[in-house]
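Report on the following structure.
What follows draws every value from the coordinates through simple rules; no lab data is involved. This structure is a prediction, so every number in the text was calculated from the model and none was measured. FYI the Cβ positions are ideal-geometry reconstructions off the backbone, even for glycines, and counts take in every protein chain you see.
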Amino acid sequence: MNKLPIGIQTFREIREEGHCYVDKTPLVARLVEEGKYYFLARPRRFGKSLLVSTLAAAFTGERELFAGLHLEHHWDWNRHAPVIILDFSEGILDSRQRLDQRIRRMLDIQAEAQDLVLHQEEASDRLEELILKLHARRGERVVVLVDEYDKPILDHLHQPERALELREGLRNLYSVLKSQDARLRFVLLTGVGKFSKVSLFSGLNNLKDITLDERFATLCGYTQTELENVFAGWLDGVDLTELRQWYDGYNFLGESVYNPFDILLYLDHREFRSYWFEAGTPTFLVNLLKTRYYPIPTLENLEVGEELLGSFDVGAIEPEALLFQTGYLTIQERYQRGSLYRYRLRYPNREVRASLPTAILNAYVPTVRDRLRTEDRIYAALEADDPDGLQRAFHAFFGAIPHDWHRRNDIADHEGYWTSVVYCYFVALGVTVVAEDVTNHGRIDLTVLWAGHAWILEFKIVELSEPGRALVQIQARGYHQKYANQPVTLIGMEFSRIERNLVGFEWRRLAYPPLPAEG
């Protein structure tokens, strides 16, 4: 049984040391046959570095590494190209000076390997010099592969001035690729985000974006077939249905794929955990959602246009674009409206659906201890089928938030805060939750399904509504009729911006089957 390539991103090591390898070389061959300049965005830890390493091995003619793979018989092994790799995946570059130093060092190491000496001082000039000298020395056009092209910028999105400074340095670097077209054979830039061409790829207008190209949708990640074939020896006793629910579901307009980082760690540990999420909590993303007062339950039913899935730039970032490009939302469906495409987004799988609301909740509450205590109380109320226990849990939670926290955070003044907190608590517990639940009479704010029982929740802000209106609305609109085949509890929750707490809580348990709507 082949070893699991945990933490290994070098193609040569995987092949020489007998690790499992999912053969992506049919798509590699197609890339090279059909184009020259490519851009690919995928979430972190999704196999981009391994793709870069695989391409480098192919172009430098390391045929022995491809024995038994598709590319062994679908590549011109007599032609060897010089390869330049720019890898920004490691470390945090906190200034333009450090960025330029890193670039010069990477270029110098690769020049020395070819017995070349570089003299240009500017990082972009040094790249141009290396391309010119490699082309002259080898008589072959040069391949340039850039791994995590955007990481220096993404690391500082919370510091726009520094991010702009780093962006300028990278733009100067990438502009060289356009001017050296005649000496380049193949170029691939990979990253997480898709920055606008105007801001980062000025002049490089022939870069082909394959991020949402159905032909290359499975270039990174594992398909179901690949998982079952390549890792067959590791799957004894594995519940494939549960595995799919936890880690599959990423859709780039083709067959869905598993997160490879999760799969490798799960097969090693045999525990369902949020491996990928825990490896890098999206602090900037969570803070962006918080500062924009983003209503978190809307993530369950999000529809966006192409412009919100497209590129972004420093200082002009839409939460939907960042959520999608970083892998916390994926495409459920693409449909056409007139001449434009629209997209329905969703959480890709159980890992993200539970983990992202938990991370958001941690930003909404003063301490993790308070969150955990409230989670325990909510869970106990659900198990005991006790709506009054639910009221006590939320009232105690909001009441325990110090006045000083509210003074430093005005988020509680916004209506979406209260709904978001309640929603995140239920989702973090792994409970089945339907946000903005559609019925033929309107939308339910939140439906919680637990042990064959439906809890229907409606939220109101007392400063914006009449007291008692929440429960009245549920009954008047007959929201319960959607769940007429099971016991239903109607709950009206009313919050006060002034009191900063849950100030109204009414509930009614319907007969089984439920009574007809009032009025």
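Which value results when the Cα radius of gyration for the stretch 11-216 is divided by 2.2 N^0.38 Å?
Working: Rg = 16.8 Å, N = 206, 2.2 N^0.38 = 16.7 Å.
Expressed relative to 2.2 N^0.38 Å, the Cα Rg reads 1.01.
May I have the pair-distance distribution P(r) for the stretch 92-179, computed from all Cα-Cα distances with 5 Å bins from 0 and rounded to whole percent?
3, 14, 24, 24, 17, 10, 5, 3, 1
To the nearest µm²/s, what D does Stokes-Einstein give for the stretch 221-364 at 10 °C and 1.306 mPa s, using the Kirkwood radius over alpha carbon pairs as Rh?
Values: Rh = 16.3 Å.
The diffusion coefficient I find is 97 µm²/s.
Could you tell me the ratio Rg/Rh of the chain? Both radii from Cα atoms, Rh via Kirkwood.
Details: Rg = 26.5 Å, Rh = 25.6 Å.
Radius of gyration over Kirkwood radius for the chain works out to 1.03.
Going by the alpha-carbon gyration tensor, a ≥ b ≥ c the square roots of its eigenvalues, is the stretch 1-75 rounded (a/c under 1.5) or, if a/c is not under 1.5, prolate (a/b greater than b/c) versus oblate?
oblate
Can you give me the angle between helix 368-383 and the longest principal axis of the chain, using Cα atoms only, in degrees from 0 to 90, rounded to the nearest 10?
Once rounded, one gets 50 degrees.
Once both axes come from the Cα atoms, what is the angle between helix 415-428 and the longest principal axis of the chain, in degrees from 0 to 90, rounded to 10?
Once rounded, one gets 80 degrees.
Can you put TRP77, TRP507, TRP276 in order of Cβ neighbours within 10 angstrom, beginning with the fewest? If you can, show how the numbers build up before the last one.
Working: TRP77 14, TRP507 18, TRP276 23.
If I rank by nearby Cβ atoms, fewest first, I get TRP77, TRP507, TRP276.
Given the options THR330, LEU227, TYR266, identify the residue whose Cα lies farthest towards the positive end of the charge dipole of the stretch 221-364 (+1 on Cβ of Lys, Arg; -1 on Cβ of Asp, Glu).
With unit charges placed on the Cβ atoms, the residue in question is THR330.
Against the longest alpha carbon principal axis of the chain, how many degrees, from 0 to 90 and to the nearest 10, is the axis of helix 160-179 turned?
The helix 160-179 is inclined about 40 degrees to the chain.
Between the stretch 429-490 and the stretch 209-285, how far is it from one alpha carbon centroid to the other, in angstrom?
Taking the Cα centre of the stretch 209-285 as reference, the centre of the stretch 429-490 is 34 Å away.
So for the chain, if I pair up every lysine 8 or more residues apart or on another chain, how many of those pairs have alpha-carbons under 15 Å apart?
The number of close lysine pairs in the chain is 10.
When only Cα pairs under 8 Å and 6 or more residues apart are kept, what is the percent relative contact order across the chain?
On the way: 848 pairs, mean separation 57.3, N = 519.
Result for the chain is 11 percent.
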